[in-house]
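Student: I'd like to ask some things about the structure below.
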Amino acid sequence: MIEASSPPVPALPHVHLRWMAAPLLALAATLTALSIGRYPVPAWETLHFLLAAAGLVPMEPERYALLHNLIIEIRLPRVLAAILVGASLSVSGAAYQALFRNPLVSPGLLGVLAGASAGAALGILVEGNWLLVQASAFALGLAAVGIAVGIAHLFGGGSIIMLILGGILSGALFASLLTVVKYVADPYSQLPAIVYWLMGSLGQATTGDIGWAAAPMLAGIVLLCLMGRALDALAMGDDEARALGVPVTAVRLVTIAAATLISALTVSIAGMIGWIGLIVPHIARLLVGPGNALLLPAAASLGAAFLLFADGLARNLFTTELPIGIVTELLGIPVFLLVLRRVRRGWT
Amino acid sequence: MILAARDIFFAYPGRPVLSGASLALAPGELVCLLGSNGAGKSTLLRIMLGLQRAARGSVMLGGKALAGHGRRQLARLIAYVPQVHVAPFPYTVLQVALMGRLPANGIFRAPAAADVDRVHRLLDNMGIAHLAGRAYTEISGGERQLTLITRALAQDARLLVMDEPLAGLDYGNQVRLLDRLESLAAQSYGVLMTTHDPNQPLTGCQRVALLNSGRITADGAAAAVLTPAAIHALYGVQVELLRGADGRGIAFRPARPDPVFNA
């Protein structure tokens, strides 16, 4: 056989240039989000302030104090919440799409969002404080996925199709639980609180919330990003992945656990924010291709940028703030239609 | 290193599939496993790959039980070429073939430039170097099959186990692929492939094993194993063997009493 000289690699060089695009976009979106608002600050001044806060450049103390209040105390928690929530939902969605070999899957597939919503509603119903609502959302989110995985393992040996069925059953169970809670809730105070909460908002996040949620969310995002190569093999089929030496069951459980953890935390912090976990992975795939080693970090960055952008619209479009869940849906549908033509490439 | 399944029993609930099947594969040979639909060919392959546990019987690789090899170590000794399928995502041909380096690198290490070079050379040997950047979902079935074989070769395994590699390929691609598998065997790869068409192994395989009623009923040189009687036992149809000028069997033809066909 002839050992010809290696032909040029057509796919890779573009990818190396392109994969920088998503993190850069996220950085630009962060800077913009810190600058805009009721009291706009020019982006260069925000940058100046951030450098001053890092001790790199001097800044007039009075101006510094004002900007510190505005940027760090008022805007930063919300911006951090948008980054963490957007990145978590997008990276979970991308990982699930590979794991379940289906580009139409979103992070709520195994019931985590339905469970967390029911949990939050339950917390509001028992007049719990904010911490209880968050804890209850988180706990029932995990419980819903636990039930889905339990059903899959008890009745179907943990196969993909039984996992999906388990997710449908578990999601339906918690959706009906949510309806029960809404039905018995006080229609003048609790019911509106539940409804608004379910529409999603980044405004309710406090620095404290972000503080305790940031570490597990970052850990989950990084863990999922590390699973990229294994998920590529899993996307080809279980037998093939095993024959390639990949520990399929372990990879699947770690992926589901990490995605569930961070998705449940997004509901705890910001309520239900739909669509982002479905569409951002597709946009990221257009940018860097389907290889999950690059796709997952790109999806995380793009998700952060996307939610910062959506939150910017939610905050600034009208004098009153729009629920972010509405904005992501209204924004998501046209964006999805725009990318659909390219995305469909390879669908069967 | 020899892969040997001995006395394998396996049943799906209410349906016995394998009842005492034995089959061995050594480097340097091309073996066709022939059987009817549902005979258990794929099940036997999966058991020999360690993807399915047998109810009874043993699978040994290099004198050691298959289960004694770690999953990743095993992937460097035996490669699996599945039936051609369509991936849900448009991985490039290069990306798919590079997955063959997973057993060597593990799931956390990115393939090195040397891995990429290797895979490019293998693609070139397979004659599909020009497809490296194309989406796996957009190439033909034959090209996908070659991509999956390239991935298997990238695993550095000397034993290749292929499930119906010829299914879905057009006649030209079938002939070319069988020639390629023959040349892999000549390069001391051991290749085990399943098929349900008796005409392919008749001219394309050195060794043929017949799987019938859960057992290997014959195993040997193609000319000795593939007789009209054996085909009748396997598929329940009467056939006659057509011979070439040199007297060797070249094809089976259904023997029909109908005068239209025998005119």
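FYI, it's all coordinate maths here, none of it is from the lab. No experiment lies behind these values; they were computed from the predicted model shown. Glycine gets a Cβ as well: all are built from the backbone with ideal geometry, and neighbour counts include every protein chain shown.
Student: Suppose every K and R has +1 on its Cβ and every D and E has -1 on its Cβ; what is the size of the dipole of the range B:82-156 about the Cα centre, in Debye to the nearest 20?
Tutor: 100
Student: Using a Förster radius of 22 Å, what is the FRET efficiency between B:Glu29 and B:Gln73 based on their Cβ-Cβ separation? Nearest 0.05, please.
Tutor: FRET efficiency, B:Glu29 to B:Gln73: 0.45.
Student: Separate question: Ignore the peptide's own chain and count Cβ atoms of other chains within 10 Å of each Cβ in B:89-97; give me the average, rounded.
Tutor: Partner Cβ neighbours, averaged per residue: 6.
Student: To make sure I understand, if each residue's beta carbon is the centre and we count other beta carbons within 10 Å, what order do B:Tyr171, B:Tyr136, A:Tyr39 fall in, fewest to most?
Tutor: Lowest count first: B:Tyr171, A:Tyr39, B:Tyr136.
Student: Report the label-to-label distance for A:Val57 and A:Leu337 in nanometres (one decimal), using points 7 Å from each Cα along the Cα→Cβ vector.
Tutor: In this crude spin-label approximation the distance works out to 4.3 nm.
Student: Another one. Mind checking the range B:160-253 for trypsin sites (Lys or Arg not before Pro) that DSSP puts in a loop (not H, G, I, E or B) and that have at most 14 other Cβ atoms within 10 Å?
Tutor: Those satisfying the criteria are B:Arg248.
Student: Show the residues, 5+ positions off or on another chain, whose built amide H is closer than 5 Å to the amide H of B:Met162.
Tutor: B:Val81, B:Leu192, B:Met193, B:Thr194
Student: Can you pull the mean other chain C-beta count within 10 Å for peptide A:235-241?
Tutor: Rounded to a whole number, the mean comes out at 6.
Student: Okay, moving on. Calculate the length of the line joining the C-alpha centroid of the range A:184-223 to that of the range B:1-57, in whole Å.
Tutor: 54
Student: Additional query: Among B:Asp219, B:Asp246, B:Asp197, which one moves the most in a GNM of chain B with springs linking Cα atoms closer than 10 Å?
Tutor: Looking only at B:Asp219, B:Asp246, B:Asp197, the largest GNM fluctuation is found for B:Asp246.
Student: Then there is this: Select from A:Met236, A:Val195, A:Gly291 the residue farthest towards the positive end of the dipole of the range A:189-317; place +1 on Cβ of Lys and Arg, -1 on Cβ of Asp and Glu, and compute about the Cα centre.
Tutor: Ranked along the dipole, the leading option is A:Val195.
Student: Ordered by packing density, taken as the mean number of other Cβ atoms within 10 Å over each peptide's residues, highest first, how do A:130-143, B:50-63 rank?
Tutor: Sorting A:130-143, B:50-63 by mean packing, highest first, produces A:130-143, B:50-63.
Student: Next up: Whose amide H sits under 5 Å from the amide H of B:Asn212, counting only residues 5 or more places off or on another chain, with H placed in the peptide plane?
Tutor: Amide H to amide H, under 5 Å and 5 or more residues apart or across chains, B:Asn212 pairs with B:Thr217.
Student: With charges only on Cβ, +1 for K and R and -1 for D and E, what is the dipole size of chain B about its Cα centre, in debye, rounded to 20?
Tutor: Magnitude of the dipole: close to 840 debye.
Student: Continuing with the same structure: With an 8 Å cut-off on Cα pairs and a minimum separation of 6 or more residues, tell me the relative contact order of chain A in percent.
Tutor: Relative CO of chain A lands at 27 percent.
Student: So, one more: Kindly put B:Ser22, B:Ser183 in sequence by how many other C-beta atoms sit within 10 Å of each C-beta, fewest to most.
Tutor: B:Ser183, B:Ser22
Student: Also, I was wondering about something else. Between 0 and 90 degrees, rounded to the nearest ten: what's the tilt of helix B:113-125 against the longest Cα principal axis of chain B?
Tutor: 30
Student: With a Förster radius of 30 Å, plug the Cβ-Cβ distance of B:Val237 and B:Arg176 into 1/(1 + (r/R0)^6) and report the FRET value to the nearest 0.05.
Tutor: 0.60
Student: If r is the Cβ-Cβ distance from B:Ser213 to A:Ala21 and R0 is 51 Å, what FRET efficiency results, to the nearest 0.05?
Tutor: Efficiency, from the Cβ-Cβ distance: 0.25.
Student: Let me ask another. If you place +1 on the Cβ of every Lys and Arg, -1 on the Cβ of every Asp and Glu, and leave all else neutral, what size is the dipole of chain A about its Cα centre, to the nearest 20 Debye?
Tutor: 660
Student: Considering Cα pairs under 8 angstrom that are at least six residues apart, work out the relative contact order of chain B and quote it in whole percent.
Tutor: 25
Student: Here is a further query. Once every DSSP H run of n ≥ 4 in the protein assembly as shown is given -39500 (n - 2.57) and the sum is divided by its residues, what mean residue ellipticity at 222 nm do you get, rounded to the nearest 500 deg cm²/dmol?
Tutor: After summing the helix terms and dividing by residue count, I get -17500 deg cm²/dmol.
Student: Taking each full run of DSSP H in chain A as one helix, which ones are at least 18 Å long along their axis (Cα atoms) and have mean Kyte-Doolittle hydropathy of at least 0.5?
Tutor: A:21-35, A:76-99, A:112-125, A:130-156, A:160-184, A:207-226, A:248-270, A:292-316, A:324-343
Student: At A:Leu218 and B:Asp117, where each label point lies 7 Å from the Cα along Cα→Cβ, what is the point-to-point distance in nanometres?
Tutor: 3.9
Student: Shielding of B:81-87 by partners, i.e. mean partner chain Cβ atoms within 10 Å per residue?
Tutor: If you average over the peptide's residues, the count of other-chain Cβ atoms is 3.
Student: With each label point set 7 Å from Cα along the Cα-Cβ vector, what nm distance links B:Ala224 and B:His85?
Tutor: 3.7
Student: Something else now. Would you please put A:180-187, B:29-36 in order of how densely packed they are, using the mean number of other Cβ atoms within 10 angstrom per residue and starting with the highest?
Tutor: Going from most to least packed, we get B:29-36, A:180-187.
Student: Over the protein assembly as shown, what is the percentage of antiparallel beta bridges among all DSSP beta bridges, to the nearest 5?
Tutor: Just about 60 percent of them are antiparallel.
Student: Let me ask something else about it. Peptides A:269-275, A:206-212, A:223-229: what's the order by average Cβ count within 10 Å, highest mean first?
Tutor: My ranking of the peptides, most packed first, is A:269-275, A:223-229, A:206-212.
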